[in-house]
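Here's the structure we're looking at; comments come further down.
The values are calculated or read from the model by the stated rules, or taken from the named source; none is laboratory data. Model, not experiment: these values are computed from the prediction. With ideal geometry, Cβ positions are generated from the backbone for all residues, glycine too; neighbour counts draw on all protein chains shown. Please note that ligands, DNA and RNA were not included when accessible areas were found on the heavy atoms of the full protein model with its side chains. Shrake-Rupley method; radii C 1.70, N 1.55, O 1.52, S 1.80 Å.
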Amino acid sequence: MKLTDKQFWNGEKMVYYPLFKYAQTDSLLFSILWTVTISLLLCSICFIIYLNNGENLSLHTISVGSIFLFIVFIISNGMFLYENWFKQCRVINKAKKQLPEGYDMLSIKFNSASKAYKITLDYLGKPYRITVEYPSFYISEKGVRALGPLNIDSRKSLEENKSLIMDYMS
């Protein structure tokens, strides 16, 4: 991730994370940067108080500030992982449940502008392209009209969607 991206500072999803370690690396960077920013603000406030009152900071005040910074670190880390890893896994797993057995997933990409996953897969020797704009699911084959939108969030229509997709792909 780039530090100049507004989406990064908001914790918004920008890329597809194939492994948890990549999401965790970006999450730690996000959390550290927000914690450092807040600690700089706290230090400047303490410095201004010291210049105005001339009082020294007590150990109690420093420990409360440290606990606050630790809480900010944990919360920002959790928010980033929830928005970027947990939601991604949930969407990809729901999309996989819709597909018939025996497919070969070739690639997964995330388009941050449209907030859509582009999945390329091979089924019975034919390439298919799946677009998941949660909760909508579209599937297409080159030269054939696309099937969709299907709702991947509904448990009732899971079997119905599976049969539609099987008919489309065979």
Worksheet, complete the sentence: Per principal axis, largest first, the Cα atoms of the chain extend in Å by 79, 31, 23
Worksheet entry | Apportionment of accessible area to carbon and sulfur, the chain, percent (1.4 Å) | 62 percent
Worksheet item: Among the trypsin sites (Lys or Arg not before Pro) within segment 69-142, which fall in a DSSP loop and have no more than 10 other Cβ atoms within 10 Å of their own Cβ?
Response: Lys142
Worksheet item: Can you tell me the accessible area per residue over the chain, all protein chains present, probe 1.4 angstrom, in square angstrom?
Response: 64 Å²
Discussion item. As a test of reading the structure, rank Met79, Met166, Met105 by solvent-accessible area (1.4 Å probe, protein chains only), most first.
Written reply: Met79, Met166, Met105
Practice prompt. Quantify how much of the Cα-Cα distance distribution of segment 100-169 extends past 21 Å, in percent.
Written response: 21 percent
Discussion item. Could you work out [θ]222 nm for the chain from helices alone, using -39500 (n - 2.57) per DSSP H run of at least four and dividing by all its residues? Round to the nearest 500 deg cm²/dmol.
Written reply: -17000 deg cm²/dmol
Worksheet, complete the sentence: Taking a straight Cα-to-Cα line shorter than 19 Å from Lys87, and setting aside same-chain lysines fewer than 8 residues away, one finds Lys13, Lys21, Lys96, Lys97, Lys109, Lys115, Lys118
Item to complete: About the Cα centre of the chain, how large is the charge dipole given +1 on each Lys and Arg Cβ and -1 on each Asp and Glu Cβ? Please answer in debye to the nearest 20.
Response: 440 debye
Worksheet item: Relative contact order for the chain: what is it in percent, counting Cα pairs under 8 Å that are at least 6 residues apart?
Response: 17 percent
Discussion item. With loop defined by DSSP as not H, G, I, E or B, and exposure as at most 10 other Cβ atoms within 10 Å, which is the longest segment of the chain clear of exposed GluC sites (Glu not before Pro)?
Written reply: 102-170
